[in-house]
Amino acid sequence: MLTILRLIGHFLDLVAMPFGNFDPFWGFTAVCFVMGTIVVIIFKYVSNQKKIKAVKKQIKLHFMEIRIYKDDFREILRAQKEILKNNFKYIAYNFQGAVPVVLLFLVTLSQINLRYGYTPIMPGETFDVKVTYAKDADRRPDPQIVLPEGVQAITPALRLEGENEVSWQLQASEAGRYQIGFKLCNQEYTKDVVIGTISTPFCSELLREGLWATVVNAAEPPLPEKALLESIEIGYKPKHFKCIFFGWNMHWMLVLPIIAIAFGLVVRKILKVD
């Protein structure tokens, strides 16, 4: 799975490469265009296009029957029954092609998130770091944070009584990719933090080893399966893009389907996909 995710990530980097010197929005738009195109192509060859076209034709014919026999109540009911039956067929045929498309989209989404999901922390800006203890941890000692040169703690460890979390406020003076360490008993864990505008993939959260941890963050090794911590989280801000037409700041997960679907509809017409 990790190999597949990294291959997808390298492909996305290749797509966005021509726009590396521009605003990230343009690289993101290029990725959306490619995603929309690939989705249409996969749907075309996975779904049964002949049956979809046939059932669409039947639905149109039954609508024509309603117009022709508008004064015959019995014929109208029969036509409506056929329309309903064919609609269920239409949904079933589309579902067949939609399943692999959705799976591919979900897997690719995690790689897009690593590249466009968060805004890097700027030099001099304070940010939160939070560790959460694992529910099955038999010990919950106070973690010791290990900071690299250039990163300093603004506040001491904050652990509210009865809470399952410990947090700090940190600050970095210069841009770069830093590695923050955490020591608990005989265990030591690390989490990368990105300061300044860096093009390498990064994620806000590190999880315990497992399939979901790999999917969410393929950029870093996960926490060990028997770790005392469930997660380590950096307080990045979610990425927002400014809408060209309305001037709104929209979350990237809202922008993604709008652009991908718009391009997909154009490609669908060109490739004549039903």
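The values are calculated or read from the model by the stated rules, or taken from the named source; none is laboratory data. Predicted, not measured: the structure shown is a model, and the values here were computed from it. All Cβ positions, even for glycine, are placed from backbone atoms using ideal geometry, and neighbour counts span all protein chains on display.
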Heads up, the strands (runs of 3 or more DSSP E) in segment 193-274 (entirely inside) with at least 2 residues that are under 29 Å from Gly20 (Cβ atoms) and without any contact (Cβ under 8 Å) to a residue 12 or more places away in the chain are 249-251
Do we have Tyr45 as without any contact (Cβ under 8 Å) to a residue 24 or more places away in the chain and farther than 30 Å from His251 by Cβ here? yes
Given the conditions (1) modelled with pLDDT of 85 or more; (2) among the hydrophobic types (A, V, I, L, M, F, W, C); (3) buried (at least 19 other Cβ atoms within 10 Å of the Cβ), every one holds for Ala218 apart from (1)
Conditions (1) charged (D, E, K, R); (2) surrounded by fewer than 12 Cβ atoms within 10 Å (Cβ to Cβ); (3) more than 30 Å from Cys203 (Cα to Cα): number failed by Asp138: (3)
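Yes or no, residue by residue, for (1) under 30 Å from Lys56 (Cβ atoms); (2) surrounded by fewer than 14 Cβ atoms within 10 Å (Cβ to Cβ); (3) not assigned by TED's automatic domain parsing to the domain that holds Val40:
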residue	(1), (2), (3)
Ala172	no, no, yes
Ala175	no, no, yes
Gln179	no, yes, yes
Gln187	no, no, yes
Val194	no, no, yes
Phe202	no, no, yes
Pro222	no, no, yes
Lys226	no, yes, yes
Leu265	yes, yes, no
Going by the structure shown, is Lys51 in a helix (DSSP H, G or I) and free of Cβ contacts under 8 Å to residues at least 40 places away in the same chain? no
Please determine whether any residue of segment 154-163 is within 23 Å of Ser199 (Cβ to Cβ), of a type outside the set (Phe, Trp, Tyr) and in a loop (DSSP other than H, G, I, E, B). no
